[in-house]
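**Q** Here it is: the structure, laid out below.
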Amino acid sequence: MATFRFELNGRPTRNKTYVVYLRVTVGGKRKLIKTMVEIARPSDFNAKCKGENWIRGGVRDAKVLNAQLADILAKAKETYKELDKEGEVTTVALAKEMNTEVVSPSFLAFARERAQMIYDNGGWRNWRKYCGLINKLDAFRKKRRMADITVADMTVELLTRFDNFLHKWENEREPGKLLHPNTIEVQFNILRTLVHRAIEVGIMEASKDPFLVFKYKGVKTIKEKLDDSEMERIIN
């Protein structure tokens, strides 16, 4: 069984427009298929529309754009039925038959969505940790002049570069110092959890898990314990 829905790329193109994608889910695996429809503002798009009015009525050529999206959706559903009969239906095969481009989902968007879910479930402390990682990933993206960090971008090479980036990140709690290696280890633990979650929901293949190769360990630290006399002084 497959599901189809349109969604908007939250990042503008070089022409300051926003591209509409068709999100296809087959067998729990999700892919984004790029359409030729672009709009000027995110508010012009309505993902939860009634009927086939994804582009709001006040937009110039809205009827034409909605008709184009309706044709794409109909073609995708028809192509799925044909491939399903042949027993060869996958998101990649579907995109190939439609002669369109399969776009890797945004890993940053996925991370933000996951962080929001944690917050909504009352995990405020974990939400803060996830936001800290997301902010660092976004700063890394900007420094590398990347438009986004997609699922396909999550490679051993990217993690290695991110590792180097974190080793130059200033420690917010101790200005003038850099991040402690154990703090960096926490960042990668969260990132690994996100990658494994992406695999679970089907937007990343298990064989593409960069943490199968990339490893990071912090350093051992010694924490002195208070003796009985010191505890007694505190109590007193």
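The values are calculated or read from the model by the stated rules, or taken from the named source; none is laboratory data. Keep in mind it's a predicted model, so treat the numbers as computed, not measured. All Cβ positions, even for glycine, are placed from backbone atoms using ideal geometry, and neighbour counts span all protein chains on display.
**Q** Residue 69 - would you say it is at pLDDT 85 or above and buried (at least 19 other Cβ atoms within 10 Å of the Cβ)?
**A** Yes.
**Q** Only one of these is of a type in the set (Lys, Arg) and buried (at least 17 other Cβ atoms within 10 Å of the Cβ): 145, 161, 114. Name it.
**A** Selected residue: 114, the only one of 145, 161, 114 that is of a type in the set (Lys, Arg) and buried (at least 17 other Cβ atoms within 10 Å of the Cβ).
**Q** Name the residue, out of 199, 184, 234, that is part of a helix (DSSP H, G or I), of a type in the set (A, V, I, L, M, F, W, C), free of Cβ contacts under 8 Å to residues at least 40 places away in the same chain and exposed (fewer than 11 other Cβ atoms within 10 Å of the Cβ).
**A** 234
**Q** Name every residue in the stretch 12-54 that is touching an Asp or Glu at 6+ places or on another chain (Cβ under 8 Å), in a loop (DSSP other than H, G, I, E, B) and surrounded by 13 or more Cβ atoms within 10 Å (Cβ to Cβ), in order of residue number.
**A** Result: 17, single match.
**Q** Working carefully through the options 110, 45, 140, find the one that is modelled with pLDDT of 90 or more, aromatic (Phe, Trp, Tyr) and within 30 Å of residue 207 (Cα to Cα).
**A** Step by step, each of 110, 45, 140 is checked, and only 140 is modelled with pLDDT of 90 or more, aromatic (Phe, Trp, Tyr) and within 30 Å of residue 207 (Cα to Cα).
**Q** Evaluate the stretch 202-223: report whether one residue or more is hydroxyl-bearing (Ser, Thr, Tyr) and crowded, with 17+ Cβ neighbours inside 10 Å.
**A** yes
**Q** Only one of 65, 94, 73 is touching a residue at least 24 places away in the same chain (Cβ under 8 Å), in a helix (DSSP H, G or I), under 18 Å from residue 42 (Cα atoms) and over 17 Å from the mean Cα position of the chain (by Cα). Can you tell me which?
**A** None of the others qualify; the one that does is 65.
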